[in-house]
Amino acid sequence: MRKSLAGLLAGVGMTLAGAATAHAEDLTIFWAEWDPANYLQELVNEYAAESGDTITVETTPWSDFQTKAFTEFNAKGDAYDMVVGDSQWLGAGSTGGHYVDLTEFFKKNKLDEVMAPATVKYYAEYPGNSGKYWAVPLEGDAVGWAYRKDWFEDPKEKEAFKAKYGYELDVPKDFKQLRDIAEFFYRPDEKRYGIAIYTQTTYDALAMGFENALFSYGGELGDYTTYKVKDIINSPVAIEALEAYKELYKFTPPNWGNTFFQEDNQAITEGLAAMSMNYFAFFPSLLNEATNPNAKVTGFFANPAGPRGDQFAALGGQGISIVSYSKKQDASMKFLEWFIKDSTQKRWAELGGYTASQAVLKSPEFQNATPYNKAFYETMFKVKDFWAVPEYAELLTQLNNRLGPYVVGDKGTAKEALDGLADDWTATFTKYGRYTN
């Protein structure tokens, strides 16, 4: 018997639905355990509703994120389809064959024009200036500052500060003012302290903190093209920057010799410090009265300038890469196509993610959405990053071993610490065939 038109259409619908179900994928994105990963899960749930592909954002504590990721990579495992890897991983991820080459995708979608320049340079491209891309900028981030507005705006404090330093107490414009304010509010007898900075040496905390000073003092880690580091990482301005960072350590709360993002947020939530260094990604919780009793009196500012007017900040953040061992690379690519859409980038920012989209960052809507978004926008166009070479972990360990004892342990001089680091890095780059002079 001939089927009715309705029956035929119903059959076609069932066939199409079945086909969609058959091609639906379950994808896994691997990232560290923090709030932005939760925001990403919300975003990919919306993608799942549109596409039928289910995406799980699997997380692990920051302390074992790198180890767990590279253990899976080195085993050529397919547990993860995509990874939101640290910017320093680009060299190891690409040369190790762990990341899918996204150069064609990047150029087709003109992402070098869509995304903020620093995020393209540090989250996506390797080697530098090669035009080869291995990730799509996902979570923009940099090191900024939170501060206690009520302490700064107290008339008695303002009067006392001006009497002592000769200028108005306000958000610091340079590192000298940052140091003066830290000293002014350092009152151990009142259990009030001037500043909270990064000091931990198990990963990149101390490096990020020092870079905030180094770059704004006009210094550099080295020459990213020739890998020359002598007379650069231990230049006079670099030594001056390290001395300035150690000076800030004098005004931190007690037992501040092993601190990172958690402790620095606690410096604000527990009323310990006037100012606190941290990644912008950790600032949302400081506006939440449930997690910060001082939320209404917490303000934010970008890393101040150095003594010669340079103003930069240490780059955090990550790009998202497709894992080369994944059996679902086509589905991952479709997700990336959706992720880079203007509408998705806007939604990502609304959820709390730090978009790298220039259009969104520059929009008044974004800059006025939170008390820290404008400082974030300003910072993301003046950031610099650590070495992204495959041997970055060795370089990081060497930095921690040289700078930690000086900053926290009060051992030796800044010159001795940086001279030693220059020797270490030269030997490492020589060992890997990068520097031969």
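The values are calculated or read from the model by the stated rules, or taken from the named source; none is laboratory data. Keep in mind the model is a prediction, meaning the values are calculated, not measured. Cβ: placed from backbone, ideal geometry, glycine included. Neighbour counts: every protein chain shown. We work out accessible area using only protein heavy atoms, side chains counted, and drop any ligands, DNA or RNA first. Shrake-Rupley method; radii C 1.70, N 1.55, O 1.52, S 1.80 Å.
Which pairs have Cβ atoms under 6 Å, sit 6 or more apart or on different chains, and link a residue in the range 48-69 that is on the phi > 0 side of the Ramachandran plot to one that is not β-branched (Val, Ile, Thr)?
Taking only residues 6 or more apart or on different chains, the pairs are Gly52/Ala20; Gly52/Ala24.
When you go through Thr370, Thr344, Thr397 one by one, which is the residue that is at negative phi, in contact (Cβ under 8 Å) with a residue 40 or more places away in the chain and within 20 Å of the chain's Cα centre (by Cα)? So that I can check it myself, show each step before the final result.
On the way: Thr344 fails: within 20 Å of the chain's Cα centre (by Cα); Thr397 fails: in contact (Cβ under 8 Å) with a residue 40 or more places away in the chain.
Only one candidate passes the filter, namely Thr370.
Report, by residue number, each residue of the range 305-341 that is buried (at least 24 other Cβ atoms within 10 Å of the Cβ) and either at positive phi or charged (D, E, K, R) (or both).
Within the range 305-341, Gly317 is the sole residue that qualifies.
Looking at Gly257, is it small (Gly, Ala, Ser), free of Cβ contacts under 8 Å to residues at least 40 places away in the same chain and in a loop (DSSP other than H, G, I, E, B)? Please lay out each step first, then the result.
Numbers: small (Gly, Ala, Ser): yes; free of Cβ contacts under 8 Å to residues at least 40 places away in the same chain: no; in a loop (DSSP other than H, G, I, E, B): yes.
It is false that Gly257 is small (Gly, Ala, Ser), free of Cβ contacts under 8 Å to residues at least 40 places away in the same chain and in a loop (DSSP other than H, G, I, E, B).
Do any helices (runs of 4 or more DSSP H) lying entirely in the range 87-144 carry at least 2 residues that are more than 22 Å from Ala32 (Cβ to Cβ) and basic (Lys, Arg), and which ones are they?
Working: elements: 90-95, 103-108, 111-114.
Hits in the range 87-144: 103-108.
Can you run down the residue pairs with Cβ atoms below 7 Å, 6 or more apart or on separate chains, where the first is in the range 416-431 and loosely packed, with under 15 Cβ neighbours inside 10 Å and the partner is of a type outside the set (Asp, Glu)?
Within 7 Å, the pairs are Thr430/Thr436.
Within the range 189-244, which residues are within 19 Å of Tyr147 (Cα to Cα), open to solvent by 10 Å² or more (accessible area, probe 1.4 Å) and touching a residue at least 40 places away in the same chain (Cβ under 8 Å)?
Hits for the range 189-244 are Lys191, Arg192, Tyr193.
For the range 125-156, enumerate the residues that are buried (at least 22 other Cβ atoms within 10 Å of the Cβ) and over 19 Å from Leu178 (Cα atoms).
Glu125, Tyr126, Tyr133, Trp134, Ala135, Val136, Pro137, Leu138, Glu139, Gly140, Asp141
So, Ser285, is that one open to solvent by 10 Å² or more (accessible area, probe 1.4 Å) and within 17 Å of Phe376 (Cβ to Cβ) or not? Break it down into steps so the answer makes sense when it comes.
Working: open to solvent by 10 Å² or more (accessible area, probe 1.4 Å): yes; within 17 Å of Phe376 (Cβ to Cβ): yes.
For Ser285, the condition - open to solvent by 10 Å² or more (accessible area, probe 1.4 Å) and within 17 Å of Phe376 (Cβ to Cβ) - is met.
Among the candidates Phe30, Phe73, which residue alone is modelled with pLDDT of 95 or more and in a helix (DSSP H, G or I)?
On the way: Phe30 fails: in a helix (DSSP H, G or I).
On inspection, the qualifying residue turns out to be Phe73.
Quick check on the range 359-377: of everything there that is touching a strand residue (DSSP E or B) at 6+ places or on another chain (Cβ under 6 Å) and of a type outside the set (A, V, I, L, M, F, W, C), which residue is least open to solvent (accessible area, probe 1.4 Å)? Quick ask: steps written out before the conclusion?
Taking the range 359-377 first, the residues touching a strand residue (DSSP E or B) at 6+ places or on another chain (Cβ under 6 Å) are 371-372, 375.
Subset that is of a type outside the set (A, V, I, L, M, F, W, C): 371-372.
Working: Pro371: 83, Tyr372: 17 Å².
Filtering the range 359-377 for residues that are touching a strand residue (DSSP E or B) at 6+ places or on another chain (Cβ under 6 Å) and of a type outside the set (A, V, I, L, M, F, W, C), the one least open to solvent (accessible area, probe 1.4 Å) comes out as Tyr372.
Answer yes if at least one residue in the range 241-257 is aromatic (Phe, Trp, Tyr) and closer than 15 Å to Ala417 by Cβ, and no otherwise.
First, pick out the residues of the range 241-257 that are aromatic (Phe, Trp, Tyr): 245, 249, 251, 256.
The next check asks that each one be closer than 15 Å to Ala417 by Cβ; those that pass are 245, 249.
The answer is yes; a qualifying residue exists.
Among Ala160, Ala79, which is the only one that is part of a helix (DSSP H, G or I), open to solvent by 10 Å² or more (accessible area, probe 1.4 Å) and among the hydrophobic types (A, V, I, L, M, F, W, C)?
On the way: Ala79 fails: part of a helix (DSSP H, G or I).
Of Ala160, Ala79, the one residue that is part of a helix (DSSP H, G or I), open to solvent by 10 Å² or more (accessible area, probe 1.4 Å) and among the hydrophobic types (A, V, I, L, M, F, W, C) is Ala160.
In this structure, is Leu351 surrounded by fewer than 23 Cβ atoms within 10 Å (Cβ to Cβ), closer than 22 Å to Trp34 by Cβ and in contact (Cβ under 8 Å) with a residue 60 or more places away in the chain?
Details: surrounded by fewer than 23 Cβ atoms within 10 Å (Cβ to Cβ): yes; closer than 22 Å to Trp34 by Cβ: yes; in contact (Cβ under 8 Å) with a residue 60 or more places away in the chain: yes.
Criteria met by Leu351.
Would you mention how many residues in the range 260-282 are open to solvent by 40 Å² or more (accessible area, probe 1.4 Å) and under 23 Å from the mean Cα position of the chain (by Cα)?
Total meeting the criteria: 4.
For the structure I just gave you, tell me whether Phe381 is surrounded by fewer than 22 Cβ atoms within 10 Å (Cβ to Cβ) and under 15 Å from Ala142 (Cα atoms).
Working: surrounded by fewer than 22 Cβ atoms within 10 Å (Cβ to Cβ): yes; under 15 Å from Ala142 (Cα atoms): yes.
Criteria met by Phe381.
From Tyr126, Tyr80, grab the single residue that is of a type in the set (Phe, Trp, Tyr), touching a Phe, Trp or Tyr at 6+ places or on another chain (Cβ under 7 Å) and over 27 Å from Met380 (Cα atoms). Working first, answer last.
On the way: Tyr126 fails: over 27 Å from Met380 (Cα atoms).
Just a single option satisfies the conditions, and that option is Tyr80.
From the list Asp35, Asp86, which residue is modelled with pLDDT under 95, open to solvent by less than 30 Å² (accessible area, probe 1.4 Å) and out of contact with any Ser or Thr (no Cβ under 6 Å at 6 or more places or on another chain)?
On the way: Asp35 fails: open to solvent by less than 30 Å² (accessible area, probe 1.4 Å).
That would be Asp86, the only listed residue that is modelled with pLDDT under 95, open to solvent by less than 30 Å² (accessible area, probe 1.4 Å) and out of contact with any Ser or Thr (no Cβ under 6 Å at 6 or more places or on another chain).
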